[in-house]
Amino acid sequence: VTTRLATITTLRMETTDRATQKYDASLSDKHNGTQQPQIPCSQASTPIELPPQEQVVELLTKLRERDGLLSLHMAYNAVCPELADPEGDLPYFDVPVMESVMKRFPWLLSLMLVQSVSGFVVESFEELIQQHIILSAFLTMLAGGGGNSSGQTIAELVKRLGRGELSSSQMCRVLGREVFIGIVLAALLAIAVFFRVRLLSHDATNLDALAIMVSYVLIIIMANAVGVLTVMALSRCNVERVGAPPVVQVVVDVLGITLTCLVSVAILGVDESEGASSGGNSSISSSASTAL
């Protein structure tokens, strides 16, 4: 900030010198009888003498030591709004550690509680996972695929929002574009997912590979849509950079596991008789343990 302020001061000194030269030239031309365009009063006024750049740097360094970098940064944004950082962020290493901690902690705490929903989803489909144990081996890949796709969407949108290219009013248009991108990506990845499951997993059947492939396709499309909706919604509060990545990750994880279980039930099915027998065996064993 000190260097930028000193540079701006120097540039303004050069601009004032040029205005002074034009003013002096106009006076000379007027004295010689030459007609020149009128110079605005702002340029024709007597310039204020500014100190050299070295003195400005020394002064700003003392102000930084006395008032801290935050106050100096705020003063810079107030004095030079045309060149100010719209986000108002300090340089990374000048931000206090506890300020970063307190900015991130509420998001992580609340999302940790929300992410517990995935545990209830898995418990609800316990019989499905017991009968098709291959699904548990690919839950990480499925959730990770959704996180990777949504992460790319978030990075792109946050960058565009920071540049002013996008606004929250364009949500529908952005959503349509990202969903289409998700469909194309999912179609390209579907073949790789099928052969990954079928060829590299000895116990997987064609139906297992089909269920995992369909789940992966739906998760990719869903992840892109969730990424757009979350980033655009949080951009209204100007917290998309801090809030969007963890929020989208948790939502995509929970919805991804739910989609996988629902698709697997539809394609693979659940043997109720096997579940009943296992339930009966567990009840008999519990009764026996109680008698003992």
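Summary table below
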read-out: Near pairs, Cβ below 9 angstrom, 6+ apart or cross-chain, from region 106-135 (in contact (Cβ under 8 Å) with a residue 24 or more places away in the chain and over 28 Å from Ala204 (Cβ atoms)) to any residue that is among the polar types (S, T, N, Q) and assigned to a helix (DSSP H, G or I); value: Leu111/Gln249
read-out: Residues being in contact with an Asp or Glu (Cβ under 8 Å, 6 or more places away or on another chain), closer than 17 Å to Met222 by Cβ and open to solvent by 10 Å² or more (accessible area, probe 1.4 Å) - total across region 134-153; value: 2
read-out: Verdict on Ile221 being at pLDDT 90 or above, open to solvent by 30 Å² or more (accessible area, probe 1.4 Å) and in contact with a Gly (Cβ under 9 Å, 6 or more places away or on another chain); value: yes
read-out: Yes/no for Val263 being open to solvent by less than 30 Å² (accessible area, probe 1.4 Å) and either touching a helix residue (DSSP H, G or I) at 6+ places or on another chain (Cβ under 7 Å) or at positive phi (or both); value: yes
read-out: Residues of region 209-241 satisfying the condition of being out of contact with any helix residue (DSSP H, G or I) (no Cβ under 6 Å at 6 or more places or on another chain) and closer than 23 Å to Val101 by Cβ; value: Cys237, Asn238, Val239
read-out: Meets criteria (in contact with a helix residue (DSSP H, G or I) (Cβ under 8 Å, 6 or more places away or on another chain), free of Cβ contacts under 8 Å to residues at least 60 places away in the same chain and of a type outside the set (Asp, Glu)) for Val179; value: yes
read-out: Met232 being surrounded by fewer than 22 Cβ atoms within 10 Å (Cβ to Cβ), out of contact with any Phe, Trp or Tyr (no Cβ under 7 Å at 6 or more places or on another chain) and part of a helix (DSSP H, G or I); value: no
read-out: Boolean, Val158 is among the β-branched types (Val, Ile, Thr) and farther than 24 Å from Val265 by Cβ; value: yes
read-out: Out of Val270, Val248, Val231, Val239, sole residue that is over 23 Å from Ile134 (Cα atoms), among the hydrophobic types (A, V, I, L, M, F, W, C) and modelled with pLDDT under 90; value: Val239
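Listed here are the residues, each with its yes/no results for (1) modelled with pLDDT of 90 or more; (2) within 25 Å of Gly243 (Cβ to Cβ); (3) open to solvent by 30 Å² or more (accessible area, probe 1.4 Å).
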residue	(1), (2), (3)
Ser110	no, yes, yes
His132	no, no, yes
Arg163	no, yes, yes
Leu166	no, yes, yes
Arg177	yes, yes, yes
Ala192	yes, no, yes
Arg198	no, no, yes
Thr205	no, no, yes
Met213	yes, no, yes
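The values are calculated or read from the model by the stated rules, or taken from the named source; none is laboratory data. Remember, predicted model here, so these are calculated numbers, not experimental data. We place every Cβ from the backbone using ideal geometry, glycine too, and count neighbours over all the protein chains shown. Side chains included, ligands, DNA and RNA excluded: accessible areas come from the protein's heavy atoms. Shrake-Rupley method; radii C 1.70, N 1.55, O 1.52, S 1.80 Å.
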